[in-house]
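Asker: Got a structure for you, questions after.
The values are calculated or read from the model by the stated rules, or taken from the named source; none is laboratory data. Quick caveat: nothing in here was measured; it's all calculated off a predicted structure. When we count neighbours, we look across all protein chains shown, and the Cβ atoms used for this are built from the backbone with ideal geometry, even at glycine. To get the accessible areas, we keep the full protein, side chains included, count just its heavy atoms, and leave off ligands, DNA and RNA. Shrake-Rupley method; radii C 1.70, N 1.55, O 1.52, S 1.80 Å.
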Amino acid sequence: MRKNTRLLCLLTLSATLQAAEPPKPLPLLPGTVTKVSDGDSIEVRLDSGPARVRFSAIDTPEYDQPYGTQSSAALKAMLPLDSKVELEVVTQDQFHRYVATVWLVADGKRININESMLHDGHAWAYRRYMKDPKFCDIEAEAREHKRGLWAQPVSDWVYPPEWRFLKNGEIRTLPAPYEETREKCVAVLGLAGAATY
C-alpha cells in the first residue's frame, strides 16, 4: 500500500511539473507576401506552396463599411508585395486559411503586424477569438488617441462582426459604439477566447 502511495505521489508531482512548464513557442513559417486581400488577410508563398492567411486576434472593417478601404490600404502600406514575413500559426479556419500572427522581417527587425494594425487604429480587437487582454489595451489606447478608424465620427464605429450580422439581417439595431470600453473588451475574454476559428 505504501509503494502505491509513493508511486501515486510521484506521478502527481510529475504531472504538476509538466503542467507548470511554459507553453512551447509556436513554429514560425517563413514566407513572402504575394497579395493583401483586405485589412486582416493576405496571401503568401511558403516553401510548401501558396497559402492564405487570416490575422489572429484582430478584425478590420469590411470593404463596404466605414474605414474599410483605409484599413486595407494601411495593411498594403505595411506589407508591400514581396515582403518577407514569418507566420506564427495558431490554427486553420473553416476556409482553410492559416490563422496567424504575422511578423514582418526587414532590416534585421521583426514587427508584429497584427499589433501594429491595432495600435494604429486600423483594426478592432477580435473579441470572439482573442485570448490576451493586451489586445483590449492596444485598442483602447488607439481609441483614446483617435488613431485611424477612431478619428472617424462615432456613428462609424461599427464592430465588424456586427456589421456582417446587420448585412445578413441577423440583428436589427447596433449597440451604441461610444459605450465600448477596455473593461467591456476584457470582460468577454473568458467567453470569447473559447471560440475557435
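Asker: One residue is enough: does the range 44-59 have a residue meeting the conditions touching a Pro at 6+ places or on another chain (Cβ under 8 Å) and part of a loop (DSSP other than H, G, I, E, B)?
Answerer: yes
Asker: Name the one entry in ALA142, ALA123 that is under 25 Å from PRO66 (Cα atoms), under 11 Å from the mean Cα position of the chain (by Cα) and not acidic (Asp, Glu). Talk me through it step by step, then tell me what you get.
Answerer: Values: ALA142 fails: under 11 Å from the mean Cα position of the chain (by Cα).
Selected residue: ALA123, the only one of ALA142, ALA123 that is under 25 Å from PRO66 (Cα atoms), under 11 Å from the mean Cα position of the chain (by Cα) and not acidic (Asp, Glu).
Asker: Residues ASP64, ASP82, ASP59, ASP107: which one is open to solvent by 20 Å² or more (accessible area, probe 1.4 Å), at pLDDT 90 or above and within 29 Å of LYS146 (Cα to Cα)? Talk me through it step by step, then tell me what you get.
Answerer: Working: ASP82 fails: within 29 Å of LYS146 (Cα to Cα); ASP59 fails: open to solvent by 20 Å² or more (accessible area, probe 1.4 Å); ASP107 fails: within 29 Å of LYS146 (Cα to Cα).
On inspection, the qualifying residue turns out to be ASP64.
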